1. Using the Cα centre of chain A as the reference point, and only Cβ charges (+1 on K/R, -1 on D/E), how large is the resulting charge dipole? Debye, rounded to the nearest 20.
2. For chain A, with a Gaussian network of springs between Cα atoms less than 10 Å apart, report the residue from A:His190, A:His73, A:His325 with the top mean-square fluctuation.
3. Count charges around B:Tyr183 for me, please; just the other residues with Cβ under 14 Å from its Cβ, Lys/Arg as +1, Asp/Glu as -1.
4. Once every DSSP H run of n ≥ 4 in chain A is given -39500 (n - 2.57) and the sum is divided by its residues, what mean residue ellipticity at 222 nm do you get, rounded to the nearest 500 deg cm²/dmol?
5. List the lysines whose alpha-carbon lies under 28 Å from that of B:Lys47, not counting same-chain residues fewer than 8 positions away?
6. Charges on Cβ only, +1 for Lys and Arg, -1 for Asp and Glu, centred on the Cα centroid of the protein assembly as shown; of B:Ala160, A:Pro304, A:Phe111, which one is farthest towards the dipole's positive end?
7. Can you list the HN-Hα couplings for region A:262-272, worked out from phi with the Karplus curve (6.51, -1.76, 1.60; θ = phi - 60°), rounded to whole Hz and with x for Gly and Pro?
8. Could you state the number of Å between the C-alpha centres of region A:112-135 and region A:278-296?
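Nothing in this text is a laboratory measurement; each read-out follows from the coordinates by a stated rule. A quick note: this is a predicted structure, and the numbers were derived from the prediction, not measured. Glycine gets a Cβ as well: all are built from the backbone with ideal geometry, and neighbour counts include every protein chain shown.
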Amino acid sequence: MIKHWQASASFDLIKLRADTLRKIRSFFDNNNVLEVDTPTLSCATVPDPFIESFRTQYLPLTQTMQTDNYYLHTSPEFPMKRLLASGSGSIYQISKVFRQGESGRKHNPEFTLLEWYREGWDHHQLMEEVSSLLNSLLIPYIDLTEADLITYEEAFKKKLGFNPHTISKPDLLDCVNHAGLANVLNHDEHRDRFLELLFSHVIEPSLGVKNEDNGDIRSNICLLYNYPASQASLAKTALYQGQLVAERFEVFINGMEIGNGFHELNDAREQRNRFIADNRSRKQMGIKQIPMDENFLEAVENLPKCAGVAIGIERLLMVMSQSEHINDVLAFPFERA
Amino acid sequence: MASYNTNEFRSGLKLMIDGDPCSILDNEVVKPGKGQAFNRVKIRNLKTGRVVERTYKSGESVEVADVMDTELQYLYNDGEQWHFMHPETFEQMAADKTAVGDANLWLKEQDMCTVTLWNGNPLAVMPPNFVVLTVTDTDPGLKGDTSGGGGKPATLETGAVVQVPLFIAIGEALKVDTRTGKYVSRAKD
């Protein structure tokens, strides 16, 4: 029986983390990507209505009155883009990030993100690099078969037989009911919520899992790209086969999300509009609105063409060690922190 | 009406789902990096025993089921109902066939059982893990055969039939594991 004060990860897995971080640093060093360090604590944060930041206050010495709100970052994205806009060239960072409420088998409210940006690249070039880095990290530990590169649309067509970009809301609701997920959401919610419900329950579990002809089940890296334009977040949108899509991708292995990347939006006006829309959703959901990060928005104006991605290190370690619970790869998970 | 928010979900929690009391067996947070979070729970319907999966949008609330386990002493069966008594308050309670279910095979008068109450009424009865019951019928014992090699069926005083070693005779008291329905040993005393 492990006592509460002791580490929940085995020393093998504590060492696996150290080895993995060393390999990642050497990968980027060999590729001339600069390691950077940006603030964990800042005066602004992401307004995404489905990501909640930890909030705290700054207390000047000898003063007892609490002052302005500060936030722990949920990803180093904003300051890293300010560096890119300042002329840094390609950069990477390994940092601890914090997200409220995210606790469970695959979540810890404090976790480690590897985030990097490639100047001059689009999401396709970056997906190739993600695949090659993950391959080199995973192959010594698990049996990986060839990577899959499929669009969000193809994944829905393959598993559920409909086009997620064009399906009507009534047909989408039918499909949700058919999947045994009726009454989870109110019918008046945005169609993206229904797509997210089907995605997380029906599609995601099969991504990064390959059924071979001989009946074997093997793992692979699945890169899913071109999301609905309404789920663009901080990605550019573009026409793809006549359909407006977000140039965004996600990475899955063994049915688990490992990372998320963008061909980065560098239109400050569009970015501001998306933030305003996020805050409007927050208001409707009855949650706190987030002040605009003006430093970031000014930097977006000067952001060079680039693509960026964030990879969850704990999720990666879970795949490498075939761990069922994130606590197996954390020395001291939230409950013991 | 009391309710639990999805963020309080954990295994063992008792909820009212579709009008039936249910117990959470497993709670999985499904939260994409970007997008709506859900709680995917595996639940056991405490009335039917069936296990099903349900999904809730994170942040929603679900009504609490007024379900609690109590230790009661089994008194007797009147042909229709099984009567139990609280050992301290001496309060008596009757459970019907649905609540007792398979437990009736192992209920012996005076034994302490776990009775699950829903809104104060017996919903399910769990016999003790081990019970001592007397053999009422079995083929004649083979004296001297203590190898435990073969086995034979034996009917116990409650009507349960268990496989026992060949040397067991009518009238002997046996210790039985009610979770597996298997013979453990002869009763010590």
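1. 680
2. Residue with maximal mean-square fluctuation among A:His190, A:His73, A:His325: A:His190.
3. Result for the local shell: +3.
4. -10000 deg cm²/dmol
5. B:Lys14, B:Lys57, B:Lys97, B:Lys108, B:Lys182
6. A:Pro304
7. 9, 7, 5, 5, 10, 10, 5, 5, 5, 4, 5
8. Computed from Cα coordinates, the inter-centre distance equals 29 Å.
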